[in-house]
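The values are calculated or read from the model by the stated rules, or taken from the named source; none is laboratory data. As the structure is a prediction and not an experimental result, all values here were calculated from the model. Cβ placement follows ideal geometry from the backbone for every residue including glycine, while neighbour counts extend to all protein chains displayed. Areas reflect the complete protein model, heavy atoms only, side chains present, ligands, DNA and RNA absent. Shrake-Rupley method; radii C 1.70, N 1.55, O 1.52, S 1.80 Å.
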Amino acid sequence: MIIESFSSQGNFSLSPGDGQIGLAFTDSKLMRTAGYPMENIKSSLCITTLFVFLICVPVRASRIGKQILEDLAIENTSSILNNLLPSSEQGIANGIQFDLIRKESLNNSQASIISPTDPFSRLLERLRKSKARVESLKKIVTIATGESSNGSNVYHELDWRSPVSSALSLGDDEYLIRLGVGTPAVNQYYLAIDTGSDITWLQCAGCSKCYSQRGPLFNPASSSSYQTISCESSTCRQMDESRCQSDRCQYAVTYGDGSFTTGDLAMDTLSSENGALKNMVFGCGHDNEGLFQGIDGLAGLGGGYLSFTSQLAGSYGRRFSYCLVNQNSPLSSSSSLIFGADAFPSAAVTTPLIYNSRIPTFYYASVTGISINGVALNIDVSKLQLTSSGSGGLIIDSGTTLTYLESSVYSALTDGFLKSAKNLRRAGGVQDLDTCFDLSGTDSSSAIPTISFHFQGGVTVDLPSSNILIEVDNKGIYCLAFSDSDFGMSIFGNVQQQTFRIGFDRDNKLLSFSSSQCK
């Protein structure tokens, strides 16, 4: 286990409407990806986490030097993909931009596909998915840190069903990018984004079984630039246990909730209104079954070698940003996912983000404290830190709805919040939300306590009230958008990320937060 952090300087505070913060982190690649001898590892477990990305978790691995991991992190994306790295055509001044919308905005014309349709039922569905995602993550962490009760039988624990990967329940798929696929790009497709996934996939014509989606399936035969990936290619060979069909490399992903997608690993042009990306590798799904609703596929924004950002390294560097609009904003509200230098606003301040070699795709932040109305909570901050075994820590995840905190930290947060919110009327809990209030008939926004996260380096992030309480019914009941993590790891969820533009710069090991940047 190697834990690596990067220093920052200064004392900064970020509130909605002023300033920015940043988080520094390293990237990583699979040991097989860079060509390091796999005999150095006694056994290896390949799993998918948080949607569909593939990672290899060494089990009882021999010690590997720090320099190897650093080489994996910086130098090998291009060598892995060889000549498959995408090239770009015209874009914004220094990058390419994709529209980023809420799935609910498709509801008016696609009500028969996206279910449920009322906002509160949809929220409950999001919470259910979020809880299932956390439970799946719990299994991943248990296996990655060598704490599995089944010992060597870790494959059985995750219910492996596919030859390539197995695993997690689907997370929150509320935020979608709109893109064109192929040459010409006849139709637009809507893919859910996920910072905890690597492989991008969409449904393709010729399905043996496909779920209903909002528009026509992508037809590879209609694209002059579509190519399948050969089984002998370096890209296919890096996928442990991949299978071959008529010299076409196959991908397969099974989720913990029983959903799955399988098909050809392929390459084609992906485009937006202001640019095109040639030779992008993605999964062309021919058998996609389960709980996929209202989306055409998934877009992986994680740190692995097949993620969007890794594939764009040659064109734009490994730099991107997104802004998640508030779930209470008008349905017409949209934002953008930007790759390249234009992804970041002009200024940013930085704080370390910790690299976990056991689960390298996740983005860990170094939290030094939490305060309510400026009063620091009495917590053991070590509970929020990544341990030498790879457990604990706090990850930033676009696919988890709530923020989940280690149990003792969560208890301190709810106790402190209740003491500061004595003037708010209490209400009963909803699902896993146990700290709720009745705000009907009153203007209580000024009475909602402010929660601030403090990161290493003196950076403070003040959450607006809309990122603290969420409305759970049409009667004015609001609940604290936090929950208890009973397995040590904490998660900074997408409710807390709303209205901030979050920028990831993997080349310079920075992640920036900018307020009021959903434009």
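Couple of notes before you dig in:
- Summarising the amide proton neighbourhood of Leu100: residues at separation of 5 or more, or on other chains, whose placed amide H is nearer than 5 Å comprise Ser335, Ser336, Leu337.
- Each residue of the stretch 129-141 was assigned a 3J(HN,Hα) from its phi angle through the Karplus expression (A = 6.51, B = -1.76, C = 1.60, θ = phi - 60°), giving 5, 4, 5, 5, 5, 5, 4, 5, 4, 4, 5, 4, 5 Hz with x at Gly and Pro.
- Of all accessible heavy-atom area on the stretch 235-377, the percent that carbon and sulfur account for (1.4 Å): 46
- Taking other residues whose beta carbon is less than 10 angstrom from the beta carbon of Tyr189, and scoring Lys, Arg as +1 and Asp, Glu as -1, yields +1.
- Cα shape, the stretch 321-469, gyration tensor, a/c 1.5 rule: oblate
- Pairs from Lys138/Lys422; Lys278/Lys509; Lys103/Lys131 whose Cα-Cα separation, in the structure shown, is over 24 Å: Lys138/Lys422; Lys278/Lys509
- Sequence-ordered 3J(HN,Hα) estimates for the stretch 279-286 from the Karplus curve with 6.51, -1.76 and 1.60 and θ = phi - 60° stand at 6, 7, 8, 7, x, 9, x, 10 Hz, glycine and proline given as x.
- Using 0.36 nm per residue and subtracting the Cα-Cα separation, the extra length available between Glu289 and Lys519 on full extension is 79.3 nm.
- Cα-projected label distance for Ser382 with Asp432, points at 7 Å along beta-carbon direction, nm: 2.6
- Shape of the stretch 171-223, Cα gyration tensor, a/c cut at 1.5: prolate
- If you take all other residues with their beta carbon under 13 Å from the beta carbon of Asp473, and give Lys and Arg +1 and Asp and Glu -1, the sum is -1.
- Alpha-carbon centroids, the stretch 216-237 and the stretch 403-469: separation in whole Å: 48
- For Arg243, nonlocal amide neighbours, meaning residues 5 or more places apart or on other chains whose placed amide H falls under 5 Å from its own, are Gln250.
- Net +/- balance of residues flanking Leu106 in space, Cβ distance below 13 Å, scoring K and R +1, D and E -1: 0
- With all protein chains in place and a 1.4 Å probe, the accessible surface of the stretch 442-519 carries 43 percent carbon and sulfur.
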